[in-house]
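Structure first, commentary second.
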Amino acid sequence: MLGIGTINLKVVVLDTDYYAMQAINSYLAWDRRTRVTFMTTEIDAFWAYLNEIPIAELPDVIIIDADHLGDSRQVREVIGRMMRIVPKALLICLAQAIHTQLLDTVAALGVRAFLLKQEVKMQIAWAIVYALDYNFLITPGIAHLSKSTHNKRVYDAAILPDQREYPEMTDRIRQAIRLCVIEGMPAHLAADEMGISLHTVRGYIKDGYRILESYDQQEYPTDMTPQERAFMRFTALAIDEKKS
C-alpha cells in the first residue's frame, strides 16, 4: 500500500489562499504517509521557519502555490533559494490555472511536480507519494501543453492517474461518504444536508464502506480506523494497486 507504515514524509505548505491551505492540510492529515509540520500564507514566515528549524526537522516535501510567486525571475529566485536550503526536498508546485511560461520555468528548475489544484484536490497525498517514483509529474490538464513545449522534462512527464472508480457506488452513497468521511460531518448533520433520515445516512455509509473495501485488497495497519481506511480508499488513484 504505497508505503503505509513505512513512509513518513514531513510536509511544509506555502499557499497564499488560506482556505486552500487549510484544505491541503486536512487532506494530508488523513494520510499516515504525510505529516504537515508547518503551513503559512506568508513567504517571510516560510523563510523564517526554514532558517530556524534544526536540520533533522527540515521537510521532505515542500508544496507551494506557484501562481503567486511573481514573474519568472521571482519564481527562479524563490525556488532556487528553497533548493539551496532544502536540497533533498520533493518540491511540488500547485496552480489554479495553466501558464505555459510558469510550467517551463519550474520544470527547468527541477521541480518534481506541477499540479492543477482543481485536478489534484483530495488526491494530494497520493500525488506526493506517486511523485516519488518519477522525474516530473503533471496533472491531465497540464499534459495538453506538453506537445507545444520544447522542455524535455515536460514532454516526458508522468501524468497523475485519475481517482479510482467505484461503479457500484451511487451518487447518494458517494455524497454521504464525502460529507461524513471526507468532510468529517456528523451523520445527523449529513442527514439534514441530504434531506433524508439518520437511518438512511447510516445505511449509505455502511454500503459505502463495503463497496470501498471490495475494490481494495491491500492490508492496512491494525490501528487504522475504518474512517481512515475509507478516506484512503475513496481518494485512491486508479492504478495504485499496480504500485503496491
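Can you tell me which residue among 175, 218, 227 is surrounded by fewer than 20 Cβ atoms within 10 Å (Cβ to Cβ), part of a helix (DSSP H, G or I), at pLDDT below 95 and not hydrophobic (A, V, I, L, M, F, W, C)?
227
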Name the residue, out of 4, 62, that is outside the structural domain of residue 116 (by TED's automatic domain parsing) and within 21 Å of residue 131 (Cβ to Cβ). 4
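Which of the residues spanning the stretch 9-67 are part of a loop (DSSP other than H, G, I, E, B) and of a type in the set (S, T, N, Q)? Step through it out loud before you land on a result.
Restricting attention to the stretch 9-67, the residues satisfying the condition of being part of a loop (DSSP other than H, G, I, E, B) are 15-17, 31-33, 41-42, 53-54, 58-60.
16, 41, listed by residue number.
Which residues, counting only those in the stretch 137-157, are touching a strand residue (DSSP E or B) at 6+ places or on another chain (Cβ under 8 Å) and surrounded by fewer than 21 Cβ atoms within 10 Å (Cβ to Cβ)? Don't jump to the end; show me each part of the working.
Taking the stretch 137-157 first, the residues touching a strand residue (DSSP E or B) at 6+ places or on another chain (Cβ under 8 Å) are 137-143, 146, 154, 157.
Listed by number, the residues that qualify are 140, 141, 143, 146.
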Does the stretch 183-215 hold any residues that are surrounded by 19 or more Cβ atoms within 10 Å (Cβ to Cβ) and under 20 Å from residue 32 (Cα atoms), and which are they? 209, 212
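Condition check ((1) of a type in the set (Ser, Thr, Tyr); (2) in the same structural domain as residue 231 (by TED's automatic domain parsing); (3) farther than 18 Å from residue 34 by Cα) across all residues:
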residue	(1), (2), (3)
106	no, no, yes
109	no, no, yes
114	no, no, yes
121	no, no, no
124	no, no, no
127	no, no, no
130	yes, no, no
133	no, no, no
141	no, no, yes
Which numbered condition residue 100 fails, given (1) farther than 25 Å from residue 209 by Cα; (2) in contact with a Leu (Cβ under 6 Å, 6 or more places away or on another chain); (3) surrounded by 14 or more Cβ atoms within 10 Å (Cβ to Cβ): (3)
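Does residue 95 satisfy being farther than 25 Å from residue 232 by Cβ, free of Cβ contacts under 8 Å to residues at least 60 places away in the same chain and under 13 Å from the mean Cα position of the chain (by Cα)?
Details: farther than 25 Å from residue 232 by Cβ: yes; free of Cβ contacts under 8 Å to residues at least 60 places away in the same chain: yes; under 13 Å from the mean Cα position of the chain (by Cα): yes.
Here the answer is yes, as residue 95 does meet what is asked.
The values are calculated or read from the model by the stated rules, or taken from the named source; none is laboratory data. Please read these numbers as outputs of a predicted model, since none were measured by experiment. Note: ideal-geometry Cβ built from the backbone for every residue, glycine included; neighbour counts use all protein chains shown.
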